[in-house]
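Below: the structure, in structure tokens.
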Amino acid sequence: MTVQYRFIAPRLDDPRLLQDRRYSMLIDGRSVPAQSGETINRESPAHPGHIVGAIPKGSRADAEAAIAAARKAFDHGPWPKMTGGERARIMRRVADLIEANIEELATIEALEVGKAINQARGEMGFSATLWHYAAGHAQGLEGETHNDMGANTLGLVLREPAGVVGIITPWNFPLLIGSERIPWAIGAGCTVVIKPSEFTSGSTIRLAELAREAGLPDGVLNVVTGYGADVGQIFAEHPDVDMVTFTGSQRVGRIIGAIAGQNIKRVGLELGGKGPQVVFADADLDAAAAKISGGAFHCSGQVCIAGSRLIVHESVADKLLEKVEALAARIVTGDPLDDSSTVGALIHKAHLEKVSGYVAAGKADGAQIYSGGTILGEGGAFYAPTIFTGVKPDMSIAREEIFGPVLASFRFKDPEEAIRLANDTPFGLSACVWSSNLSTALQAIRRIKAGRTWINGMGDGTPQMPIGGYKQSGIGRELGRHGFDEYSELKNVHITLADSLAQ
Ligand code: NAD
């Protein structure tokens, strides 16, 4: 299908693009450069040749200094000893400061990630909500008592903070993913060292500066920047880090998990996905099409929970594809700083080539391009929303996480086939089911192996429900009440009581 995609060419004279942005790491409450003095320049993926941030190129020595600061703050600082209420008060101030600085934070992410600024504003607002929610729970984290162990015994289960937590985050949602981890870790009384992606470190550094402004004690939240193997891997290796939590690719997740395993260290992994969107014949096709288009093409498909596999009943497949395509054609791709853009750029040129390579492989394997399949604009890393039909389960476009705006569509005849296709993946991060019969939808969702699911919806997030992956999409759960368990040690205390009331 030939579609004229809407594209806004990036403006090169936008003052926000031309502003000089240099960042420091934050270690023990102080803003510091890398010990080597070296920096990494981030080039905007939408504005070739324009540097939109310079971050310190940290080394092992910088990471060790940050770990030492977090260790000191945990072992000797006030944070783990504060009441939950005192911690919550500071965390709420962080939330307020995020809200007060949405425009600055969103601009940084639009420039570094290449995402549309309107989308970024929404994510910053949601990040503040996450801090507020975690603050509320930080005030009331509880243990257990056991009163049924005999007349002279009482049991306590104490919830204690896990210690120093090393957090490694990916480039696609730096502030949002940081805000899904940090408030739960520090809310539980832990201290943190975080390493954001080398491509998109600006907003995490600003978050830590805002937390310092909010009154977070020195050393509770430290940021080291640089490349993963130089400053991230050490979190899994170092004995002074009690837990490492990694969000990113399966490839690096395996490395972190293996090292943490060797060191018998707590580990949380939030990895990739290849989310199915299963549409039964009785679904509301207009509602489904809107969310399927959003689920596949939001942020140019660079979303771990992207619904990148459409599995639709054969009787409604043609009608649904037409609707999805019509909506995809209305997506406005282009200048991340323009309020009218709905989708920005891919993260960098190498990723654009990777996405193009997958599309070429899909064609070579015999799938048909229904629409899209082209680079948009000139010079930047923009790709058109792309839909494949005739996809077979063994093709790379069906099995691998493309992390681009590419939707692979399948048709099914009966529910068993739909569920088999949905589960035919090593991933298990997310899934959607569309049906106007709630029993059909619930029975299907119960049989799909995924940690984050939607019925007649896609992508909605809330702080109160846990997130995380089945199968090779990860280990552990974040958010909600369960999220605090990740960062807590449970200690049991058997108390033997004297029979001192006996006459
Ligand atoms: P990536 O794995 O390349 O990098 C993630 C982070 O790990 C970066 O900070 C990077 O510098 C660091 N890193 C790289 N090598 C390392 C090493 N040897 N030791 C320690 N750290 C290292 O992933 P990415 O390209 O930044 O992000 C895309 C991936 O993230 C996709 O697979 C996506 O599905 C996944 N993701 C998952 C979730 C989730 O919640 N499950 C959320 C967002 C993204």
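The values are calculated or read from the model by the stated rules, or taken from the named source; none is laboratory data. Bear in mind the structure is a predicted one, so any value in this text is a computation, not a measurement. Cβ sites come from the backbone with ideal geometry, for glycine too, and all protein chains shown count toward neighbours. Just so you know, the surface numbers come from the protein's heavy atoms only, side chains and all, with ligands and any DNA or RNA stripped out. Shrake-Rupley method; radii C 1.70, N 1.55, O 1.52, S 1.80 Å.
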Open item on the list: Just checking, does the stretch 444-455 include any residue being modelled with pLDDT under 95 and in contact with a helix residue (DSSP H, G or I) (Cβ under 8 Å, 6 or more places away or on another chain)?
Closed with: no
TODO: Of the numbered conditions (1) within 20 Å of Cys304 (Cβ to Cβ); (2) open to solvent by less than 20 Å² (accessible area, probe 1.4 Å); (3) polar (S, T, N, Q), Ser435 fails exactly one; give the number of that condition.
DONE: (1)
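Restricting the search to the stretch 200-223, which residues are part of a helix (DSSP H, G or I) and either touching a strand residue (DSSP E or B) at 6+ places or on another chain (Cβ under 9 Å) or surrounded by fewer than 24 Cβ atoms within 10 Å (Cβ to Cβ) (or both)?
The answer is Gly202, Thr204, Ile205, Arg206, Leu207, Ala208, Glu209, Leu210, Ala211, Arg212, Glu213.
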TODO: Kindly indicate which of Phe388, Phe382 is out of contact with any helix residue (DSSP H, G or I) (no Cβ under 7 Å at 6 or more places or on another chain) and more than 16 Å from the ligand (Cβ to nearest atom).
DONE: Phe382
- [ ] Scan Gly459, Gly483 and give me the residue that is within 16 Å of the ligand (Cβ to nearest atom), in a helix (DSSP H, G or I) and surrounded by 14 or more Cβ atoms within 10 Å (Cβ to Cβ).
- [x] Gly483
Open item on the list: Need a quick list: strands (runs of 3 or more DSSP E) entirely within the stretch 227-313 having at least 1 residues that are buried (at least 24 other Cβ atoms within 10 Å of the Cβ) and free of Cβ contacts under 8 Å to residues at least 60 places away in the same chain.
Closed with: none
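Can you tell me which of Gly404, Gly428, Gly380, Gly362 is in contact with a strand residue (DSSP E or B) (Cβ under 9 Å, 6 or more places away or on another chain), open to solvent by less than 10 Å² (accessible area, probe 1.4 Å), under 27 Å from Gly248 (Cα atoms) and modelled with pLDDT under 95? Show your work before the answer.
Details: Gly404 fails: modelled with pLDDT under 95; Gly428 fails: modelled with pLDDT under 95; Gly362 fails: modelled with pLDDT under 95.
Of the residues listed, the single one that is in contact with a strand residue (DSSP E or B) (Cβ under 9 Å, 6 or more places away or on another chain), open to solvent by less than 10 Å² (accessible area, probe 1.4 Å), under 27 Å from Gly248 (Cα atoms) and modelled with pLDDT under 95 is Gly380.
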Task: The one condition in (1) more than 10 Å from the ligand (Cβ to nearest atom); (2) more than 28 Å from Asn492 (Cα to Cα) that Gly253 fails to fulfil - done: (1)
- [ ] Test Gln250 against the stated conditions and say whether it is among the polar types (S, T, N, Q) and over 26 Å from Phe74 (Cα atoms).
- [x] yes
- [ ] Considering every residue within the stretch 161-184, establish whether at least one is more than 16 Å from the ligand (Cβ to nearest atom), within 25 Å of Ile347 (Cα to Cα), open to solvent by less than 10 Å² (accessible area, probe 1.4 Å) and in the same structural domain as Ala208 (by TED's automatic domain parsing).
- [x] no
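Tally the residues that are in a helix (DSSP H, G or I) and touching a residue at least 60 places away in the same chain (Cβ under 8 Å), restricting the search to the stretch 424-450.
3
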